[in-house]
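Before any comments, here is the structure.
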Amino acid sequence: MSFFGFGQSAEIDIVLDGAESRKMAEVKSEDGKKERYYLFYDGETVAGKVNITLKKSGSKLEHHGIKIEFICQIEMYYDRGNHHEFLSLVKELARPGEMQTNASYPFDFNQVEKPYESYTGSNVRLRYFLRVTIVRRLSDLVREMDIAVHTLSQYPDMNTSIKMEVGIEDCLHIEFEYNKSKYHLKDVIVGKIYFLLVRIKIKHMEVAIIKRETTGSGPNTFNENETIAKYEIMDGAPVRGESIPIRVFLAGYDLTPTMRDVNKKFSVRYYLNLVLVDEEDRRYFKQQEITLWRRGERARRSQTDQSEAEPQTPMGINSIQQQLAEGNIQARPSVLPTSPQTPSEAGDAESTPAAPGPPRGADTDLTSPTESTNEEND
């Protein structure tokens, strides 16, 4: 027993099997710092031993049992008093009694299910950890050890391209196209923007990757947007018929797989945000959701169809880039409108008067031309 710091105490150390050869992953902490944890995957066994070292030799440690738990929980930062545990496994290491010497206890959580990926966001954290507790009469001795979990996915069976024509009636019509709708975390986003009608003095255009974290449900839903990356892909006024290539490398950014309705507590989604800014600082934007997934990097992904499918992604990207480089995308007479209001070489203020647009400095969501709204009511 320990009264006011007197008596026996102990140090607890958790050692995982195969720790020397196990990969480690960086996980962001609440304060934004990166910490390295041992990496596990869904279905992997978590095993090792617990070493307990008595601090005072010749003195015994009385306890009411020693246990180890494997816990997966979701912590909402605005509700820190309530931790939502969606997995909790307990193993008893020792029955109540006395410890007079140092001891080591093996543990094994066999093929434990880990359905979600570790995540630390702006308002929520999902963590996996081991907790060892020496139960005592007054105060327990507790030691926790976090681990990182990655969820692996196979190549999507269907990965169609994204193609959409948007704009503002009689002002701006553009068509954007991305080569895929699902990207792995080390992938490359390839696309292009066609200007079909330009009657606005465009100053520049940019594309951004936005992460949207959604917590809560119903009226208590809260969205937190974070701009992961932003690229300026055009500087200067475009003309009708011009196309702008897009190429964004994802490998250099801190991304997670898309997470939808995790245990009915939160979601993480990613969007490509296309923004055009005119000379009066009015912004015209269009967001398109993309799906991110984690590609397996281990030998455990041994299916032959996956190994055959792997080279297909860069081949598709190279094909699109070759078309962009050769200028084949310029010849699109069947798509370009033949509106008498805009000559084929139009696009600047001298040849075509600028159409009235939204108020200065306003943000305008681009819509499909068939459902476009006239933004002239300022």
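Remarks
- Restricting region 204-261 to chymotrypsin sites (Phe, Trp or Tyr not before Pro) that sit in a DSSP loop and have at most 13 other Cβ atoms within 10 Å of their own Cβ leaves Tyr253.
- Loop-resident chymotrypsin sites (Phe, Trp or Tyr not before Pro) (DSSP state other than H, G, I, E or B) in region 124-198 with no more than 11 further Cβ atoms inside 10 Å of their Cβ are absent.
- Summary of the geometry: region 30-106 and region 225-255, compared by the centres of their Cα atoms, lie 46 Å apart.
- A compact globular protein would have a Cα radius of gyration near 2.2 N^0.38 Å; the ratio found for region 10-150 is 1.12.
- Least to most buried among Leu250, Leu172 (fewest other Cβ within 10 Å first): Leu250, Leu172
- Electrostatic dipole magnitude of region 10-150 [Cβ: Lys, Arg +1; Asp, Glu -1; Cα centre; debye, to 20]: 440
- Two-decimal ratio, region 114-249, of alpha-carbon radius of gyration to 2.2 N^0.38 Å: 1.62
Every read-out reported here was derived from the displayed coordinates using simple, explicitly stated rules and does not represent laboratory data. It should be emphasised that the depicted structure is a prediction, and the values quoted were computed from it without experimental measurement. Cβ atoms come from the backbone with ideal geometry, glycine included; neighbour counts cover every protein chain shown.
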